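Asks: Take this structure first; my questions come after.
The values are calculated or read from the model by the stated rules, or taken from the named source; none is laboratory data. Note that the structure is predicted; figures quoted are calculated from it, not measured. Glycine gets a Cβ as well: all are built from the backbone with ideal geometry, and neighbour counts include every protein chain shown.
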Amino acid sequence: MQDGSLFIAGEWTACATTQPVLDKYTGSEIGLVGIAEPVQVDAAVAAAREAFVHRPLSPYRRYEVLMRAAAGLERRRDEVLRALSGETGFTMTDARNDFGRSMQTLYQSAEEAKRIVGEMIPIQGAPGQSDERLAFTLRLPIGVVCAITPFNSPLNTVLHKIAPAIAAGNAVVLKPATYTPLCAVILCEIFEEAGLPAGLLNMVIGGGGTVGQQLLEHEGIDYYTFTGSTEVGRVIQQAAGLRRTQLELGNISSTIICEDAALDVAAGKCANAAFRKAGQVCTSVQRILVDERVVDRFADLLVEATAALPVGDPRADDTVVGPMIDEREAVRAEAWVNEAIAGGARALTGVRREGPVLWPVILRDVGPEMSVVCAEVFAPIVSMVPVPGLDAAIDMANDTPFGLAGGIFTSDITRALSVIRRLRMGNVHVNDTSSSRVDLMPYGGLKDSGFGREGPRFAIHDMTEERLITLNPI
């Protein structure tokens, strides 16, 4: 792995300033990366523009590069898993799961590169048109894509942005999270080895207020794809102006438990979805809206399922809940829990924190004004809220600024069909939690959760522009 450098125009570029990358469990240094200067950010965008114009790849060559990249990623599996677990605090189970999903993201992007098509337009159906006139659309690459990625998924989310961009024929400037840049460095090495022409993938590292802001102000970028907070998403959208964006932003994820649900199944799935990756997923279950007729029984099952989740060292084979990204975040989350308890909430589990590790917390009797339910908690904390019926649950689930994902457990298919139309969210899962996802899905939100869709086929469509062509024989 490269140390202390950026990837610009196919070359590893030294930096005057470097930053250590820390193991999120032990706090020890596991890598060193370079922090980009303004001139290097400009160089990365210029390299992307030059490569897009002068070194375009045919769809089949994009397929070949992406498939070679998948093979390269597989060859470096052990190295990637070590880096992924170290820089995020992911358990090995979560790291292996993300690795497998990342392989699928590359395979799907490669296949979709060969299937980018427009459509025939029935222009002869308009009055006054000759029988010979034809009309059709083409989908062409949009140009330079800026990918800004989060700390909580530094492998698969990075690939969900750069692989479809490359498949669509674009050039990319990647800015990974400064907390977790190591997997991005490895991916750049892999694409270089896979034969991607110089400049079609560039990487710069640095803070959002410096490197990120410069990228937003740069006129050489045509498209922004971002995963992160709603607050930053608003800044990006304002700076982008008429340029296109794909924004996957915050959420307060709810899952509804009806009185006829398979409670044991629901409890197990909710525990996993609330606490895996230490709750640091935008679709992690944060609120469970339980029919009051079954709330006590469900609470017992959820506590039981949660107690069975080993907590601690993410490298231990059986650990399910590892550290948060930073001890400061764990302290903040613990404070939110204590604030809720002081306000009358009950903790059904112990409240325990050791450094960056916060043990899973289940709360009851929460008030609507408490941070744990009215703000995105992004921690291993879940609140159970009894509701008098389905209508109240739907109203509560919809009553946030966000609309990324939700779930409902019920045995009544008629009820489920009604709910999926009434929940205003980009993803609704029946007999599964808000956190359910398969990588070929169109994934994205509504309202303050953003717009645009991930998932290779859908992202490729969004990262291309449609051009109408008419042919009128003389």
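Asks: Taking the stretch 116-149 on its own, how many of its residues are part of a loop (DSSP other than H, G, I, E, B) and touching a residue at least 40 places away in the same chain (Cβ under 8 Å)?
Replies: Number of matching residues: 9.
Asks: Sort out which residues of the stretch 16-36 are over 15 Å from THR180 (Cα atoms) and surrounded by 19 or more Cβ atoms within 10 Å (Cβ to Cβ), and write them in order of number.
Replies: The answer is ALA36, and nothing else.
Asks: Looking at this structure, is ALA240 modelled with pLDDT of 95 or more, crowded, with 24+ Cβ neighbours inside 10 Å and either out of contact with any helix residue (DSSP H, G or I) (no Cβ under 9 Å at 6 or more places or on another chain) or not aromatic (Phe, Trp, Tyr) (or both)?
Replies: When the stated conditions are applied, ALA240 does not pass them.
Residue-wise test of (1) in contact with a Cys (Cβ under 7 Å, 6 or more places away or on another chain); (2) among the aliphatic types (A, V, I, L, M); (3) farther than 19 Å from CYS282 by Cβ.
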site: ALA347; (1), (2), (3): no, yes, yes
site: ARG353; (1), (2), (3): no, no, yes
site: PRO368; (1), (2), (3): yes, no, yes
site: ALA375; (1), (2), (3): no, yes, no
site: PHE378; (1), (2), (3): no, no, no
site: VAL385; (1), (2), (3): no, yes, yes
site: PRO401; (1), (2), (3): no, no, no
site: VAL419; (1), (2), (3): no, yes, yes
site: LEU423; (1), (2), (3): no, yes, no
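Asks: Sticking with this structure for a sec: Can you tell me which residue is farthest from the chain's Cα centre (by Cα) among those in the stretch 18-72 that are among the acidic types (Asp, Glu) and more than 26 Å from PRO323 (Cα to Cα)?
Replies: Restricting to residues being among the acidic types (Asp, Glu) and more than 26 Å from PRO323 (Cα to Cα), the top hit is GLU50.
Asks: From the residues in the stretch 86-98 that are of a type in the set (Ser, Thr, Tyr) and surrounded by 24 or more Cβ atoms within 10 Å (Cβ to Cβ), which one is farthest from GLY322 (Cα to Cα)?
Replies: Among residues in the stretch 86-98 that are of a type in the set (Ser, Thr, Tyr) and surrounded by 24 or more Cβ atoms within 10 Å (Cβ to Cβ), the one farthest from GLY322 (Cα to Cα) is THR88.
Asks: Then there is this: For the stretch 150-229, give me every one of the helices (runs of 4 or more DSSP H) that falls completely inside it and has 1 or more residues that are outside the structural domain of TYR25 (by TED's automatic domain parsing).
Replies: none
Asks: Among the residues of the stretch 386-406, write down those that are within 21 Å of PHE298 (Cβ to Cβ), surrounded by 23 or more Cβ atoms within 10 Å (Cβ to Cβ) and touching a helix residue (DSSP H, G or I) at 6+ places or on another chain (Cβ under 8 Å).
Replies: Across the stretch 386-406, the qualifying residue is only GLY406.
Asks: A further question follows. Can you find, within the stretch 414-451, the residue that is nearest to ASP395 (Cα to Cα) among those that are surrounded by fewer than 17 Cβ atoms within 10 Å (Cβ to Cβ) and of a type in the set (Ser, Thr, Tyr)?
Replies: Among residues in the stretch 414-451 that are surrounded by fewer than 17 Cβ atoms within 10 Å (Cβ to Cβ) and of a type in the set (Ser, Thr, Tyr), the one nearest to ASP395 (Cα to Cα) is SER418.
Asks: Sort out which residues of the stretch 7-36 are polar (S, T, N, Q) and outside any loop (DSSP other than H, G, I, E, B), and write them in order of number.
Replies: If the condition is that a residue be polar (S, T, N, Q) and outside any loop (DSSP other than H, G, I, E, B), then THR13, THR17, THR18, GLN19 are the ones that fit.
Asks: Collect the residues in the stretch 364-385 that are surrounded by fewer than 16 Cβ atoms within 10 Å (Cβ to Cβ) and of a type in the set (Gly, Ala, Ser), keeping them in residue-number order.
Replies: Within the stretch 364-385, GLY367, ALA375 meet the criteria.
Asks: Inside the stretch 319-333, can you point out the residues that are out of contact with any strand residue (DSSP E or B) (no Cβ under 6 Å at 6 or more places or on another chain) and free of Cβ contacts under 8 Å to residues at least 60 places away in the same chain?
Replies: If the condition is that a residue be out of contact with any strand residue (DSSP E or B) (no Cβ under 6 Å at 6 or more places or on another chain) and free of Cβ contacts under 8 Å to residues at least 60 places away in the same chain, then GLU327, ARG328, GLU329, VAL331, ARG332 are the ones that fit.
Asks: Does ARG139 count as surrounded by 15 or more Cβ atoms within 10 Å (Cβ to Cβ), at negative phi, outside the structural domain of LYS277 (by TED's automatic domain parsing) and under 18 Å from the mean Cα position of the chain (by Cα)?
Replies: no
Asks: Can you confirm whether the stretch 45-57 contains a residue that is touching a helix residue (DSSP H, G or I) at 6+ places or on another chain (Cβ under 9 Å) and basic (Lys, Arg)?
Replies: No.
Asks: Sticking with this structure for a sec: Which residue out of GLY279, GLY233 is under 17 Å from the mean Cα position of the chain (by Cα) and within 13 Å of PHE378 (Cβ to Cβ)?
Replies: After applying the criteria, what remains is GLY279.
Asks: Please specify each residue of the stretch 162-188 satisfying the condition of being within 14 Å of ALA70 (Cβ to Cβ) and surrounded by fewer than 24 Cβ atoms within 10 Å (Cβ to Cβ).
Replies: ILE186
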